[in-house]
Amino acid sequence: MKVRIGAAAVAVAALAGVALVPAGLSALQGPPPQVCEEPDRAVTLYGVKLSERRYGYGLTPTTASIPGPTLEMIEGECLAVTLVNESDRRMSIHAHGVDYTVASDGTALNSSCVRPGRSRTYVFQSHQAGSRVDGSVRPGSAGYWHYHDHCMGGPHGTAGINSGVFGAFIVRRPGDSLPDRDPFVVFMGPGSRINMKKAPNTPIFRAREGERIEFAVIGHGNQFHTFHLHGHRWADNRTGLLGDLEDPVALIDNRTVGPADSFGFQVIAGEGVGPGAWMYHCHVQGHSDAGMTGLLMVDAPDGGTTEAGRRALMRWKRHEGHV
Amino acid sequence: MKVRIGAAAVAVAALAGVALVPAGLSALQGPPPQVCEEPDRAVTLYGVKLSERRYGYGLTPTTASIPGPTLEMIEGECLAVTLVNESDRRMSIHAHGVDYTVASDGTALNSSCVRPGRSRTYVFQSHQAGSRVDGSVRPGSAGYWHYHDHCMGGPHGTAGINSGVFGAFIVRRPGDSLPDRDPFVVFMGPGSRINMKKAPNTPIFRAREGERIEFAVIGHGNQFHTFHLHGHRWADNRTGLLGDLEDPVALIDNRTVGPADSFGFQVIAGEGVGPGAWMYHCHVQGHSDAGMTGLLMVDAPDGGTTEAGRRALMRWKRHEGHV
Amino acid sequence: MKVRIGAAAVAVAALAGVALVPAGLSALQGPPPQVCEEPDRAVTLYGVKLSERRYGYGLTPTTASIPGPTLEMIEGECLAVTLVNESDRRMSIHAHGVDYTVASDGTALNSSCVRPGRSRTYVFQSHQAGSRVDGSVRPGSAGYWHYHDHCMGGPHGTAGINSGVFGAFIVRRPGDSLPDRDPFVVFMGPGSRINMKKAPNTPIFRAREGERIEFAVIGHGNQFHTFHLHGHRWADNRTGLLGDLEDPVALIDNRTVGPADSFGFQVIAGEGVGPGAWMYHCHVQGHSDAGMTGLLMVDAPDGGTTEAGRRALMRWKRHEGHV
């Protein structure tokens, strides 16, 4: 399990002292158990008020960010995430894709919110695909998922989501190819924003031509968006990669992203198209015009920026005057 | 072919006296034929006015409901559905997914609406996948489909759809696994409603841990929604199930549902996550806050409700104050 | 490579005199190269002002249309498209799906717009799937793509898109089955329009029962739509066709289409359902009621129109009174 924040991979302390209710406890009485008794790893996230209208998760109280740290797991791992709520509002962690009992649902319905000044440990298990007794296949947990508040301001965490309290959660299958750089995380919404920013303050992701790069794209809020990337395409499946030359899946470069939809893909930066400034943007015209656009800067293999790329970067702020 | 309404499977009378135009009739002249001459089964649906603003389909005039009865077929069957319009407005049945000639299109364009006090028999055929003469594959009919009015209030049945005149239509491939309970049917919209209700009056689906359960999710109206289920995930394909351990399809727990989009899936209730109150909801924040949320109550394998589940149920009405 | 406009396939002049920067030029300095040095084919598109609020692409200055000519390629081909801007506004060509360097990005960001009275050659390469050095699969270019202006009225070409400056771009894999008729192109949006028209002025596509027909469906603008076709279904993959009898992909007859989303499929006209007037329409009720609907007229195999089809055609204008 790796926890990443921004461009820096962060070592995670081994688990110590997380109180877990044994899973063997009767399901009918007593508090609900967690999904695993001995998590493989533990991480602490701090819930922080960043400004009057922004909240976020951070690996320390002073490094909270929007989006929060990207969580990564390999199928089979169990992760304990302790939320220390240093903010002034009720918060939680609700995870998509992974296994958790109602004790880690992160909802008021299941009494798993965290009041200001308190903390709570959420336990998330992942598992590999396997065969059930009846012969059917139990799917594995791998996917481009996400986690977010589900408690602030109401039963669905709308105030938390609107404030930036979310992050990507990537679960890999053993043997999945790894990207050469930290995943590029793109939250579309809430509002006509990318990672709560408008161009030209949206992320400029950088890579060298030929590197294997990875996008994780997640929707949030009330709007529907479409994610488009210039010069690159991906397969519409779990990884964005084809399994073989005859794979019948559709190749796409544009995809509808509704609230809490998430997907991801790996591509080779500049493959067949070369280096330069490649836009990614919401293709809802009113949204891109309002600032839902950013850059994938592909430099030359030696790390140098091309002349065309340099000029495009100079144009960028003037090009996208959403300040 | 099974016809289900609510939780009760209903036996369907064998076909008697449905007048069908022979398919061999010249296509160029005379009234259009139906898609099969001798349907395997016949069912009568009554079109009923339920209240000033609600209409519905029912297996009897007094049991009409929203959604209407869930129709089920096995690929290869042919079903005759007679609509007896006991309401005060023009109605029809337009089916998705199955085969029908223009005589059963259920549209004013093809003269297949039913005036108040009249009746009409619609004939729907399903078929298994097979090879065409040119070697290409003709897909089978299996899918999570739906049927709805296409005549009330205009050429597209908007008044009918807005009044609740719709139901699920599930076609299975021979050999498909069957759920242990009647399918859980979730119509998202019209409006920010589930099955025309707002929480806490939306469906609470019940199952025991370990049971194979099935959701059919269908959109209608003007809005786009996303369907999210807590604690459970499914494959983004025809059945929600993986064919084998290496299947490259994406696993999802959230999906965009546009008007008339439909999909379904089977999961094992509580698999790997245990019993309790698992929310399902639209993840468009304004929609869930307005009441587009419901519960999947997973009890223990012996049928007992867990302490945590019992408490969540007590919280439910207070939790979702949309009355 | 074929270029089609309307129902007529148009022969394309062999390339002559297109100045291309050698791809071997240093990526770090000088103008960016194009994606291929010697395109297999060349076509000229004229950018034309059609009316106060409509612009379009045409193979000649007097035949510009909305949508513009459908471009088609077989994987492996390289196409040079010269845009001669005879309009009074800045225009470009931005292509989806195919390979192009930043020199052919068609954006102001990458200095590839065309001012009124000027011209510019965009170079688009397609490629077959193949294996990368690391053993992973590089997907081929085949898909139902599109091209559109990205310069008129702002950095995202919103004024161009809203004026009709777009066309379909179909790339086929060698061996893909070809349709018996020119592809039926359906642009959903901008606004509640199909190909910038409202019913009854939307396209009436004609085919004979048993013909292999092809739809290419593309979204544009600010709205989300769903595409529904009566009496026909397709697989939710690259081609709409199943690869084999056990293919687990979902069969659909309704699909969400967000801005710049695109997909296509082939079906056999009237297969299993017979001839007649089959509606296609946006299933967002307010959009279909506002005129986002059209007809697939399936005639008998001998080309004769059925009596039912003839009557439906007579009803069509009265049925859809959006003039």
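The values are calculated or read from the model by the stated rules, or taken from the named source; none is laboratory data. Just so it is clear, the model here is predicted, and its values are computed rather than measured. Here the Cβ positions follow ideal geometry from the backbone for every residue, glycine too, while neighbour counts run over all protein chains shown.
Within the range A:140-196, the residues that satisfy the criterion of being among the charged types (D, E, K, R) and within 12 Å of chain B (Cβ to nearest Cβ) are A:Asp149, A:Arg173, A:Asp176. A residue that is without any contact (Cβ under 8 Å) to a residue 24 or more places away in the chain, part of a loop (DSSP other than H, G, I, E, B) and surrounded by fewer than 22 Cβ atoms within 10 Å (Cβ to Cβ) occurs somewhere in the range A:143-154.
Among the residues of the range B:176-196, is there at least one that is more than 15 Å from B:Asp261 (Cα to Cα), touching a helix residue (DSSP H, G or I) at 6+ places or on another chain (Cβ under 6 Å) and not basic (Lys, Arg)? Yes: the range B:176-196 contains one or more residues that are more than 15 Å from B:Asp261 (Cα to Cα), touching a helix residue (DSSP H, G or I) at 6+ places or on another chain (Cβ under 6 Å) and not basic (Lys, Arg). When residues in the range C:254-295 are screened for being charged (D, E, K, R) and buried (at least 24 other Cβ atoms within 10 Å of the Cβ), 1 of them pass. Once the range C:221-231 is narrowed to residues that are within 8 Å of another protein chain (Cβ to nearest Cβ) and not in a strand (DSSP E or B), the residue that is farthest from C:Pro275 (Cα to Cα) is C:Asn222. Scanning the range B:52-81 for residues that are among the small types (Gly, Ala, Ser), assigned to a strand (DSSP E or B) and over 17 Å from B:Pro116 (Cβ atoms) yields B:Ser65, B:Ala80. Restricting attention to the range C:254-294, the residues that are outside any helix (DSSP H, G or I) and within 19 Å of C:Arg193 (Cα to Cα) total 23. Residues that are buried (at least 17 other Cβ atoms within 10 Å of the Cβ) and within 8 Å of chain C (Cβ to nearest Cβ) within the range B:123-139 comprise B:Gln125, B:His127, B:Ala129, B:Val137, B:Arg138, B:Pro139, listed in sequence order. The residue list C:Met91, C:Met73 contains one member that is touching a helix residue (DSSP H, G or I) at 6+ places or on another chain (Cβ under 7 Å) and in contact (Cβ under 8 Å) with a residue 12 or more places away in the chain, which is C:Met91. Of A:Ala199, A:Ala207, A:Ala168, all but one fail to be assigned to a loop (DSSP other than H, G, I, E, B), closer than 30 Å to A:Leu241 by Cα and not hydroxyl-bearing (Ser, Thr, Tyr); the exception is A:Ala199. Scanning for something within 21 Å of C:Glu38 (Cβ to Cβ), within 14 Å of another protein chain (Cβ to nearest Cβ), at pLDDT 95 or above and outside any loop (DSSP other than H, G, I, E, B), does the range C:83-95 turn up at least one residue? Yes, the range C:83-95 has at least one match.
Taking the numbered list (1) touching a helix residue (DSSP H, G or I) at 6+ places or on another chain (Cβ under 9 Å); (2) assigned to a helix (DSSP H, G or I); (3) surrounded by fewer than 24 Cβ atoms within 10 Å (Cβ to Cβ) in turn, C:Ala312 passes all entries but (3). Just one of the listed residues (B:Ala108, B:Ala80) is small (Gly, Ala, Ser), buried (at least 16 other Cβ atoms within 10 Å of the Cβ), farther than 28 Å from C:Pro200 by Cβ and at pLDDT 95 or above, and it is B:Ala80. Mind listing just one residue for me: the one in the range B:27-64 that is out of contact with any strand residue (DSSP E or B) (no Cβ under 7 Å at 6 or more places or on another chain) and among the charged types (D, E, K, R) and, of those, nearest to the other protein chains (Cβ to nearest Cβ)? The qualifying residue nearest to the other protein chains (Cβ to nearest Cβ) is B:Glu37. Can you tell me which residues in the range C:54-77 are crowded, with 23+ Cβ neighbours inside 10 Å and of a type in the set (A, V, I, L, M, F, W, C)? Scanning the range C:54-77 gives C:Ala64, C:Leu71, C:Met73. Residues in the range B:298-315 that are closer than 14 Å to B:Pro200 by Cα and more than 7 Å from chain A (Cβ to nearest Cβ): B:Leu313, B:Met314.
Look at the range B:96-122 and say how many of its residues are outside any loop (DSSP other than H, G, I, E, B) and within 10 Å of another protein chain (Cβ to nearest Cβ). Lay out the reasoning, then the answer.
Kept after step one, since they are outside any loop (DSSP other than H, G, I, E, B), are these residues of the range B:96-122: B:99, B:102-104, B:114, B:119-122.
Subset that is within 10 Å of another protein chain (Cβ to nearest Cβ): B:99, B:102-104.
Residues meeting the conditions: 4.
If the condition is being facing chain A (nearest Cβ under 7 Å) and out of contact with any Asp or Glu (no Cβ under 8 Å at 6 or more places or on another chain), then the range B:232-270 contributes B:Leu241, B:Leu242, B:Asp244, B:Leu245, B:Asp253.
More than 8 Å from chain A (Cβ to nearest Cβ), closer than 19 Å to A:Gly157 by Cβ and under 28 Å from the mean Cα position of the chain (by Cα): is that true of B:Gly291 in this structure?
Numbers: more than 8 Å from chain A (Cβ to nearest Cβ): yes; closer than 19 Å to A:Gly157 by Cβ: yes; under 28 Å from the mean Cα position of the chain (by Cα): yes.
Yes, satisfied.
Taken as a whole, the structure leaves B:Ala103 outside the set of residues that are within 19 Å of the chain's Cα centre (by Cα), surrounded by 14 or more Cβ atoms within 10 Å (Cβ to Cβ), at pLDDT 95 or above and closer than 30 Å to B:Pro174 by Cβ.
Selection of first residues in the range A:305-321 that are of a type in the set (A, V, I, L, M) and of second residues that are crowded, with 17+ Cβ neighbours inside 10 Å and assigned to a helix (DSSP H, G or I), restricted to Cβ pairs under 7 Å at least 6 apart or on distinct chains, gives the following pairs, ordered by first then second residue: A:Ala308/C:Val102.
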